[in-house]
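Let me begin by presenting the structure, written as structure tokens, before commenting on it.
The values are calculated or read from the model by the stated rules, or taken from the named source; none is laboratory data. Small disclaimer: the values here were computed from a predicted structure and weren't measured. Glycine gets a Cβ as well: all are built from the backbone with ideal geometry, and neighbour counts include every protein chain shown.
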Amino acid sequence: MLVFDHVSKRYPNGYEALSDVSFSVEAGEFVFLTGPSGAGKSTLLKMINGVERSSRGQVHVAGQNISRLPARKIPGLRQGIGVVFQNHQLLFDRRVYDNVALPLVIAGMKPTEVGRRVRAALSKVGLTGREGDWPETLSGGEQQRVGIARAVVHRPPMLLADEPTGNLDPDLSREIMSLFLQFSQLGVTVLIATHDLELVESMPARRLQLQAGRIQSP
Amino acid sequence: MLVFDHVSKRYPNGYEALSDVSFSVEAGEFVFLTGPSGAGKSTLLKMINGVERSSRGQVHVAGQNISRLPARKIPGLRQGIGVVFQNHQLLFDRRVYDNVALPLVIAGMKPTEVGRRVRAALSKVGLTGREGDWPETLSGGEQQRVGIARAVVHRPPMLLADEPTGNLDPDLSREIMSLFLQFSQLGVTVLIATHDLELVESMPARRLQLQAGRIQSP
Amino acid sequence: MNESATGSGANIRQINRADRLRAWSRHHRQLFRSTLSTLLNQPGALLITWLVIGIALSLPILLSLALREISEADTRQVIQPAMSVYLSVPSESETAQALLQTLRASSAVGEVRLITEQAALMEFSSLAGFGDVLNAFSENPLPGIIEVVPRERDGAGIKLLAQQIAGQDGVDQVSFDAAWLERLSAILGILERVLYALGVLFSGAVILIIGNTLRLTIENQRGEIEITKLFGGSDSFVQRPFIYRGFWLGFGGALLAFLIIQSSLLYLSDPVERLAQSYRSNFALEALNFGESIGLFALGALLGILGSWVSVWRYLKQIQPK
Amino acid sequence: MNESATGSGANIRQINRADRLRAWSRHHRQLFRSTLSTLLNQPGALLITWLVIGIALSLPILLSLALREISEADTRQVIQPAMSVYLSVPSESETAQALLQTLRASSAVGEVRLITEQAALMEFSSLAGFGDVLNAFSENPLPGIIEVVPRERDGAGIKLLAQQIAGQDGVDQVSFDAAWLERLSAILGILERVLYALGVLFSGAVILIIGNTLRLTIENQRGEIEITKLFGGSDSFVQRPFIYRGFWLGFGGALLAFLIIQSSLLYLSDPVERLAQSYRSNFALEALNFGESIGLFALGALLGILGSWVSVWRYLKQIQPK
Ligand SMILES: Nc1ncnc2c1ncn2[C@@H]1O[C@H](COP(=O)(O)OP(=O)(O)OP(=O)(O)O)[C@@H](O)[C@H]1O
Ligand SMILES: Nc1ncnc2c1ncn2[C@@H]1O[C@H](COP(=O)(O)OP(=O)(O)OP(=O)(O)O)[C@@H](O)[C@H]1O
Ligand SMILES: [Mg+2]
Ligand SMILES: [Mg+2]
């Protein structure tokens, strides 16, 4: 499902954020990505959905070579990937409903179907009945959960999450993680970058550890 | 230094985020604010620097009644409070240096003095030599540390931090927390909202626990 | 995942072409309304933008309306001078009558009016200070005159016509105010140049204003664009709302231009009527007719779409999720 | 903390008034340069804004220049008609000479020219078709004429003057083209109205455009404003960079207006010269002089500051940190 083949990433300013990274992930696998601040976790995730391109090496997603994908095929790739990104908050000029509905609107889904799905996704993250609220009126943790609902609402075959529980208390974090685990049991490939080592250790999942842009021996 | 006197906060949509909260903090004290997502931690912090106003009850900061402070005195109040806010990131169209220098520029400090202070603050959060970078080129944790440097650069008598280590790994989190602790030993009043219970328990500090807008018995 | 990665745009679950088309047209219908209501959320800002576009659109149109009136009404009725053809033969003679026929039949000639010797005498005596002079004559010393209004408005063309007429039998002399004609065509030339320059300036201004407004709007929506792209919105999907926004800005601007034009005409109608009265003409500034109004709205909408298209295309490419 | 909470603005460490003033003026000096360089970071966008403001500023100025030329050159030299004062006494008589003196001394009269009986005869004979008529007289039947150019330009004032002159000794009759005068004042009235309306529209447009651009800029800078306020920036501190931005936008717009005006004058000079030749006048469109150019720049800068002040004041209050 996902293959990194000797991938390096050098940013325009010359900094090498990833050096010779190789690994592969099967469909339906659940993988944690850990490492200290600045290790390259976010960079690695961004290379999977084409936000960043590799400087050397190849990234394959579902058999496609992302490193060579023409720009017009990027939208199609991204429609199959749900993302929770570290810096990517909600649209503050749209209600919670419209924020969560975005991937479905992009997919051109019928309005009635959209409503059903949005409500289902919100209830999964414990925000039933909040679809009419403005994001501004939500607490930090609630906003983060809306972001998670948006990432899973269109049931993508792959899910990337960057620090999805940074603003959540331990109990909620565990709930959200087990939600992700359920997804992977339904066949969704899940990759999660996190600092919460306690949580990582308590989950039955594979762990990729990054250190200064390199995969540590497992 | 800080007194909450039967404070309640009802948001315009009718939701009561804080109910009858009373406590006081001495100058130089170090206090953790904990509680589940949506408990009202951020709301409480926002009432200290006048971002939100109480619906009932009084908030006193350094002898001033914030709940009655006229709008033109708010800037003066805020200049004495360093903040790390949950949603408040950096200015992405300014370099790290200018981001950190902001409180000093507002205070009208001389450029030479500004440079010295900014570099000192950045070195304290482990980002020596990064002042010329654009925030975009920093990792999530690095950005968060720039925010922390900005909050302490003008050595305010009070420091409010909302989830300051949500994007940091455990080691870095501990370092930052001990930095805050040093500040309080120098007489700075420090209030930190966090979910990291493990860290809270490992620190010699008072703990205020919120639950659905009420202070729990200690 | 394989099948969803093949197309581009809104195709995650649609394998069916009809479904995709339905989703596409649903998006368009929905945007048509939602972009307007988004704009209306900031009524003050919207009104200002509309006003600016309206002013820019209305001015060249007002000027061209004025020019149309001038060239239709004034030059025909007042400014365009008649030639005076002095006859060498009595106006009742056959030669004079034949000349009259020829002139009436000529395509270069608009109106023809005969002033007989008697009529000329009466006109002349009524001129101040010459009444006594003519009383001294026992016989009428004045010749008959044919007044000819040429169709041609160009100075050179009229001169040519005058020469042709002067060559005819029974014509003594042809006189007309050549200097006035030259002046008129010079004035019209300036007006035309000014109008042309204004048209270029203002069309440019409208496109610039709309483009600029949309560029700033796009920068404001940077977050929205980034997130939409992050979830697989294609360039055209992201661009669509801005095109509709441009449409509404241009269309509303045209509406305000319409109001500005009609009220300006009202405001000017008073002095223009006074002017018309002094010419003993009853022309008045005419408001935009139905077809012209439709044209104005279409122009506004078109410029809006164009402006947004240009600026969006430039900026959308630059905005990529980070 | 007590001392820092007393003042408002940039006062955390300054207890000293002189220090505070120094910091204030440092901020101003620094903003003067930094706002321009920020604007120059987006040269395309800046140029477009400048162009739009430049166009809006240049048009009323061009129109008023045109009107100035018209009222100075044309009406004086060409359009303004002379009155013809027909004498009842010989032009050599003492009465006539006394009349001439009176008219020359009158403040209501501009130029005075005597046409003797002989000169009148020669002029009259040169009129087409009347040469033969006068040969029939043994004696000159024409009276002497004094041509009087009134200082007054208003139709009613000229009528009054005519009546006064008609009452003098030795005057038979006074004639002048009243209809033409009425027309002229009607046309000038329309031009004045148009100019007035355009002036209002365009000054409004400049303020609107600058205000609108700045409003969108402010919305773009919402994050910056929120964070600055969060760290204790006072309203005036936050507003300052926008005022400077407005200044630069208006000033640059005036610069472009200057270029547009000078090149338009060049573009129009050709047909205007042709027109002037037809009037046998040597007037030409005059470029802006030094003082006027300075005035234009000042106007642009002022409008820019005004526009930013208005829009910033409205929006800054709304933006509060959340
Ligand atoms: N666009 C960029 N240009 C230059 N350098 C960059 C850019 N983005 C990231 N970097 C650098 O690459 C390194 C890795 O960044 P990355 O965001 O992948 O770290 P991370 O593992 O996600 O860290 P964190 O846990 O703090 O989010 C960092 O040192 C960062 O400064
Ligand atoms: N502006 C607002 N209008 C209405 N309700 C609000 C507003 N801000 C916050 N709330 C509500 O008040 C409650 C408390 O919010 P607050 O941000 O204080 O929580 P928190 O303890 O900081 O949570 P977290 O740990 O998730 O950040 C939440 O349920 C939130 O939905
Ligand atoms: Mg990261
Ligand atoms: Mg919070």
**Message:** If B:Leu138 meets every condition in (1) touching a Ser or Thr at 6+ places or on another chain (Cβ under 7 Å); (2) within 15 Å of ligand 1 (Cβ to nearest atom) apart from one, which number is that one?
**Reply:** (1)
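Residue by residue, here is whether (1) farther than 27 Å from B:Arg95 by Cβ; (2) within 15 Å of ligand 1 (Cβ to nearest atom); (3) not charged (D, E, K, R) holds:
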site: B:Ala120; (1), (2), (3): no, no, yes
site: B:Val146; (1), (2), (3): no, yes, yes
site: B:Val153; (1), (2), (3): no, no, yes
site: B:Leu168; (1), (2), (3): no, yes, yes
site: B:Ser184; (1), (2), (3): yes, no, yes
**Prompt:** Going through the range A:61-71 one residue at a time, which ones are touching a helix residue (DSSP H, G or I) at 6+ places or on another chain (Cβ under 7 Å) and over 13 Å from A:Lys46 (Cα atoms)?
**Reply:** A:Ala62, A:Gln64, A:Leu69
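Residues checked against (1) out of contact with any Ser or Thr (no Cβ under 9 Å at 6 or more places or on another chain); (2) of a type in the set (Lys, Arg); (3) farther than 30 Å from D:Asn220 by Cβ; (4) within 16 Å of ligand 2 (Cβ to nearest atom):
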site	(1), (2), (3), (4)
B:Leu33	no, no, yes, yes
B:Gln64	yes, no, yes, no
B:Gly76	no, no, no, no
B:Gln89	yes, no, no, yes
B:Val96	yes, no, no, no
B:Gly108	yes, no, no, no
**Prompt:** Only one of (1) away from every other protein chain (no Cβ under 11 Å); (2) within 15 Å of ligand 3 (Cβ to nearest atom) fails for B:Leu122. Which number is that?
**Reply:** (2)
**Enumeration of residues in the range B:99-118 that are free of Cβ contacts under 8 Å to residues at least 24 places away in the same chain, more than 8 Å from chain D (Cβ to nearest Cβ) and surrounded by 17 or more Cβ atoms within 10 Å (Cβ to Cβ)** = B:Val114
**Prompt:** Considering the range A:134-178 alone, what residues qualify as being of a type in the set (S, T, N, Q) and more than 13 Å from the chain's Cα centre (by Cα)?
**Reply:** A:Thr137, A:Ser139, A:Gln143, A:Asn167, A:Ser173, A:Ser178
**Message:** For the structure I just gave you, tell me whether A:Leu160 is within 20 Å of A:Leu199 (Cβ to Cβ), within 12 Å of chain C (Cβ to nearest Cβ), away from ligand 4 (no atom under 16 Å from the Cβ) and buried (at least 23 other Cβ atoms within 10 Å of the Cβ).
**Reply:** yes
**Message:** Suppose we filter A:Leu90, A:Leu45, A:Leu77 for residues that are at pLDDT below 90 and within 14 Å of chain C (Cβ to nearest Cβ); which single one remains?
**Reply:** A:Leu90
**Prompt:** When both residues are 6+ apart or on different chains and their Cβ atoms are under 6 Å apart, which pairs have a first residue that lies in the range A:126-148 and is surrounded by 23 or more Cβ atoms within 10 Å (Cβ to Cβ), and a second that is among the hydroxyl-bearing types (Ser, Thr, Tyr)?
**Reply:** A:Gly141/B:Ser37
**Request:** Quickly run through the range A:200-217 and pick out the residues that are charged (D, E, K, R) and within 14 Å of ligand 1 (Cβ to nearest atom).
**Result:** A:Arg214
**Complete:** Only one of A:Gly63, A:Gly40, A:Gly82 is away from chain B (no Cβ under 11 Å) and surrounded by 17 or more Cβ atoms within 10 Å (Cβ to Cβ), namely A:Gly82
**Request:** Tell me, yes or no, whether the range C:118-126 has at least one residue that is more than 24 Å from D:Ala120 (Cα to Cα) and at pLDDT 60 or above.
**Result:** yes
**Message:** Looking only at the range B:25-37, count every residue that is surrounded by 18 or more Cβ atoms within 10 Å (Cβ to Cβ) and either within 14 Å of the chain's Cα centre (by Cα) or more than 10 Å from ligand 4 (Cβ to nearest atom) (or both) and tell me the total.
**Reply:** 7
**Asked** Among the strands (runs of 3 or more DSSP E) confined wholly to the range B:125-218, which include 1 or more residues that are more than 16 Å from ligand 2 (Cβ to nearest atom) and touching a Leu at 6+ places or on another chain (Cβ under 8 Å)?
**Response** B:158-162, B:189-193
**Request:** Give the residue, chosen from B:Arg68, B:Arg56, that is surrounded by fewer than 21 Cβ atoms within 10 Å (Cβ to Cβ), touching a residue at least 40 places away in the same chain (Cβ under 8 Å) and more than 9 Å from every other protein chain (Cβ to nearest Cβ).
**Result:** B:Arg56
**Prompt:** Restricted to the range B:184-199, and to residues that are within 21 Å of B:Lys46 (Cβ to Cβ) and not hydroxyl-bearing (Ser, Thr, Tyr), which residue is nearest to ligand 4 (Cβ to nearest atom)?
**Reply:** B:Ala193
**Scope the range B:175-194; condition touching a helix residue (DSSP H, G or I) at 6+ places or on another chain (Cβ under 7 Å) and within 12 Å of another protein chain (Cβ to nearest Cβ); matching residues** = B:Ile176, B:Ala193, B:Thr194
